[in-house]
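Following: one structure in structure tokens, then a few remarks.
The values are calculated or read from the model by the stated rules, or taken from the named source; none is laboratory data. Bear in mind the structure is a predicted one, so any value in this text is a computation, not a measurement. Cβ sites come from the backbone with ideal geometry, for glycine too, and all protein chains shown count toward neighbours. For the accessible areas, the whole protein counts, side chains as well, though only heavy atoms, and no ligand, DNA or RNA atoms are used. Shrake-Rupley method; radii C 1.70, N 1.55, O 1.52, S 1.80 Å.
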Amino acid sequence: MICLGIESTAHTFGIGIVDDKCNVLANEKMAFVTEEGGIKPGDAAEFHLKNARGVIESALEKSGKSWNEIDLISFSQGPGLGPCLAVGATAARALSLIHKKPLLGVNHCVAHIEIGKKLCKTKDPLVVYASGANTQIIGYESEKYRVFGETLDTGIGNLLDTFGREMGLGFPAGPKIDKMYFAGKKYIELPYTVKGMDLNFSGLLTAAKLKIGKENEDDLAYSLMHTAFAMLTEVTERALAHTGKKEVLLTGGVGASKALQKMLGEMCGGQKAKFLITPFSVACDNGAMISWQGIVEFTAGKKMELEETRTNQRFRTDQVEVNWL
Ligand code: FE2
């Protein structure tokens, strides 16, 4: 079975073509970037609309497959930015009708988890999903992916990007400030906010922004990241103790941060848990993970009528009925 998956929750328009052994035959994408300022949903959706056809064609060409050989179309149903989700869903519905293929909407966060599990060969990890809009500590329990801890305001990637933008680094700022982390020498005191198992980043962001221009930039970037990642690591460690899971799987775009990998890796070492990092090509938003999730759910018997393919901007990880494990 071969599935074509469409990702369009935020900045990325991606098309993945994956078979039922999780061989990634194509994983093409275009990402909306700005020199200055954050993502305006309407502009990103416009970008997706302009690029959709080209990305679909290039994925098919790369995979060497024709529409006759595609068995299923899947797409990100949510969570995400409304206008961006609408572009992916509309493309998926149109392609499903034109080529007479079954259609399945999937949860974006759950798709991150399943492809990470498959490629890292792990069955029941505690998942740290750290991206622009999402920051969650997730584990499987009683037919659901339960969220043990999460951000109460912004995602950790948005925190880093917003801070980077204030420093004039453009979007995405993550890779640039990750370098600054290792150049920083002095820790500057910043608010550290963990509420139960949940995280809060807005106070940290405000305090760090107020120090721009008054402190060394590398030191400030180091201190912001060190604080945010320590908060995330603390909650992960507690979830690990609570669930008794033996593996930690890191995924999401912020999972590419060497600073975060280092901190989580050290914590896992102390807890005697195995630390796994999702390969970069499928850790950021991409079509291959949506495609693989389509195969996982379709194979387990999930079907969708056209009326059920409405997008949901607030589609939560723990709303998905997990019928495939
Ligand atoms: Fe994501």
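Here are the numbers for this structure:
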quantity: Members of the stretch 105-137 that are of a type in the set (S, T, N, Q) and either away from the ligand (no atom under 15 Å from the Cβ) or on the phi > 0 side of the Ramachandran plot (or both); calculated: Thr122
quantity: Pair list, Cβ under 7 Å, 6 or more apart: the stretch 121-150 residue over 12 Å from Thr317 (Cβ atoms), other residue among the aromatic types (Phe, Trp, Tyr) and away from the ligand (no atom under 15 Å from the Cβ); calculated: Asp124/Tyr140
quantity: Count of the stretch 1-21 residues which are surrounded by fewer than 17 Cβ atoms within 10 Å (Cβ to Cβ) and either more than 13 Å from Ile70 (Cβ to Cβ) or of a type in the set (Ser, Thr, Tyr) (or both); calculated: 1
quantity: Of the criteria (1) hydroxyl-bearing (Ser, Thr, Tyr); (2) in contact with a strand residue (DSSP E or B) (Cβ under 8 Å, 6 or more places away or on another chain); (3) not assigned by TED's automatic domain parsing to the domain that holds Thr9, which one Thr227 fails; calculated: (2)
quantity: Condition broken by Pro191, with the remaining ones in (1) open to solvent by 30 Å² or more (accessible area, probe 1.4 Å); (2) in a helix (DSSP H, G or I); (3) not aliphatic (A, V, I, L, M) satisfied; calculated: (2)
quantity: Helices (runs of 4 or more DSSP H) lying entirely in the stretch 214-286 (those with 2 or more residues that are open to solvent by 10 Å² or more (accessible area, probe 1.4 Å) and within 16 Å of the ligand (Cβ to nearest atom)); calculated: 280-283
quantity: Single match in Leu95, Leu72, Leu104 (criterion: hydrophobic (A, V, I, L, M, F, W, C) and either without any contact (Cβ under 8 Å) to a residue 40 or more places away in the chain or over 26 Å from Phe32 (Cα atoms) (or both)); calculated: Leu72
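To keep it simple, each residue is scored yes or no on (1) over 20 Å from Asn323 (Cβ atoms); (2) open to solvent by less than 30 Å² (accessible area, probe 1.4 Å); (3) out of contact with any His (no Cβ under 9 Å at 6 or more places or on another chain); (4) assigned by TED's automatic domain parsing to the domain that holds Val33.
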{"residue": "Lys144", "(1), (2), (3), (4)": "no, no, yes, no"}
{"residue": "Ala173", "(1), (2), (3), (4)": "yes, yes, yes, no"}
{"residue": "Tyr181", "(1), (2), (3), (4)": "yes, yes, no, no"}
{"residue": "Gly184", "(1), (2), (3), (4)": "yes, yes, no, no"}
